[in-house]
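I have placed the structure first, in the form of structure tokens, so that the comments after it can refer back to it.
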Amino acid sequence: MATISRMWFILLGITCFYVTYSYGENMPQRTLSRGTHQEALLGLKALKASITRRDSIASTPPSFSPSPTPSPLPPQEIKKPHVYLVTSYGADPTGNSDSTIALLAAIADAAKGPSEGFLMKDIKDLGGAQINLEGGKYIISQPLKLPLARAGNLMIHGGTIRASNLFPPDGHLIDLSTSGESNSYNYEYITLKNLLLDSNFRGGGIAIKNSLRINIDNCYITHFSTTGILVQSGHETYIRNTFLGQHITAGGDKHERDFSGTGISLQGNDNAVTDVVIFSADIGILVTGQANTLSGVHCYNKASGFGGTGIYLKLPGLTQTRIVNSYMDYTNIVAEDPVQLHISSSFFLGDAGIVLKSVKGVVSGLNIVDNMFSGLNKGVDIVKLDQSNSHFNQIDQVFVARNVVRGMNLKATAAKMSLLGNGTSWTADFNKVLLFPNLIKHVVYSLSASGNTFPNHALRNVSQNRVVIETDEAVNANVFVSVDQGNAS
């Protein structure tokens, strides 16, 4: 249709040209008046506009109709996010008044909020609900607990919580526990993040009991009188990027001898402590559960010279603990009857070392390797034996070696010695370096004699950590001896 309209327009133009030309030839020569010329142009423009309008109407699809005015959408229900702002419950972010009731109300609302299904059996998935402290400082007089057990996927974050003078001295500021015994887990996947917890020397910071996959991340826990973080039963609690100290200090505190309490107590299995600093406490980390991992831990809680302990492994007979890439700053690691214990790639400063404490005289599957020890030149051994209760009499698969020592006494379970002399007897004394007294399980030696003689030689005696090599005639010889205390029996 548009093509036909254009053809009509062209034919009309040609017709107008011939008509005008013929008319001009037959009319007498005269000048058109200004008004007549303008009227002719206006007439041609009007004709062109009418043809274009008809062309546009003709080319419109027959199904075309103007769009109707859109009708308003029906109102929809507004979904609230799972973020609970504690100030909206009346919590005082200045810390001037008690916020216990308000914080517990926010926690209660989060716990009974929309469920996204279940995590472990019977543990309600709260869908990532967040209790936001909004950067405030809150005073509480009771532990913060979830109102019901079997809940998970919840976060508490972003503020400071401080115990009031009315807080129970045996409580914890945040308490993930329930009353009574249970065969199933209490909580799963609870995250405590970006919190400063001040126990005001009344109780502890965080208690986690019989729970699973709990995260404690970027927290600062101080002024506890009992335990900064208590993990009891359950497993897979991960503590990372966290600072703990009974007193706020950076070392060299004049009251260090009086430090008490425990930074972290792991009374469950399969937990991990990573990139954590314990800067004041009697015991930095107390471990009484198996299969735990400590990595990147810095303990300068209370010097061992003052009676403190950096890491205490109190699980004789089945330790199953790994300590790697850590920094023991004037504090010892103490292990009772260690069985399956690995300590490596760590730094011990200020005569700090490792104490093996005998309970029933058992040590097995122990690796102490690739560590650095720096002491004060006071003759302290890097690894010490505490046999005040009983002597170690079951020693198997123990490997203490490849440690770098400065200003302390090197101790190992494997040693080598070279002796040069002229005679019939050579004695290699390993007492200064071997860890266990009167124990050599394996000996390898070689004798290289100068001259043309070929003497007979033999290992004559192994006792009191001494090895005696004898020849049947006097010779000038070099004797090399290698011994091992920890080979598998």
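The values are calculated or read from the model by the stated rules, or taken from the named source; none is laboratory data. Given the structure is predicted, the values throughout are model-derived calculations rather than measurements. Quick reminder, even Gly has a Cβ in these numbers, built from the backbone with ideal geometry, and neighbours come from all protein chains shown. Note: accessible area is taken over every heavy atom of the protein model, side chains too, but ligands, DNA and RNA are not part of it. Shrake-Rupley method; radii C 1.70, N 1.55, O 1.52, S 1.80 Å.
A few notes on this one:
- Karplus-derived HN-Hα couplings along segment 134-146 (A = 6.51, B = -1.76, C = 1.60, θ = phi - 60°), whole Hz, x at Gly and Pro: 6, x, x, 10, 10, 9, 10, 10, 9, x, 8, 10, 6
- Rel. contact order, % - alpha carbon contacts under 8 angstrom, at least six apart, segment 86-229: 20 percent
- Positive dipole terminus of segment 233-326, leading residue within ILE278, PHE306, ILE239 (C-beta point charges): PHE306
- Between GLN340, GLY296, VAL363, the Cα set farthest toward the positive side of the dipole of segment 262-411 (charges on each charged residue's Cβ, about the Cα centre) is that of VAL363.
- When only the Cβ of Lys, Arg, Asp and Glu is charged (+1, +1, -1, -1), the dipole of segment 369-416 relative to its Cα centre reaches about 240 debye.
- In a fully extended conformation the segment linking HIS442 and LYS360 would gain 27.1 nm over its present Cα-Cα distance, using 0.36 nm per residue.
- Amide H contacts under 5 Å for HIS172, placed H, 5+ residues apart: GLY204
- Taking every protein chain into account, the accessible area of segment 414-484 amounts to 57 square angstrom per residue (probe 1.4 Å).
- Whole-number percent relative contact order across segment 414-484, with pairs defined as alpha carbons under 8 Å at least 6 apart: 50 percent
- Percent carbon-and-sulfur accessible area, segment 414-484, ignoring ligands, DNA and RNA, probe 1.4 Å: 47 percent
- Full extension of the chain between LYS121 and VAL369 yields a length gain of 85.0 nm, computed as 0.36 nm times the residue separation minus the alpha carbon distance.
- Cross-link reach list, lysines versus LYS209, counting only Cα pairs under 22 Å and skipping chain neighbours closer than eight places: LYS112, LYS121, LYS124, LYS145, LYS193, LYS314
- A cut-off of 5 Å between modelled amide H atoms, ignoring neighbours fewer than 5 places along the same chain, links GLY407 with GLY375.
- Low-density loop cleavage sites - chymotrypsin sites (Phe, Trp or Tyr not before Pro) in segment 416-454, where at most 10 other Cβ are within 10 Å (DSSP): none
- Label separation (LEU196 vs LYS112): 3.4 nm, computed from points 7 Å beyond Cα along the C-beta direction.
- When only the Cβ of Lys, Arg, Asp and Glu is charged (+1, +1, -1, -1), the dipole of segment 262-411 relative to its Cα centre reaches about 240 debye.
- Cut-off under 5 Å, modelled amide H: who pairs with TYR327 long-range: VAL297, HIS298, CYS299, PHE347
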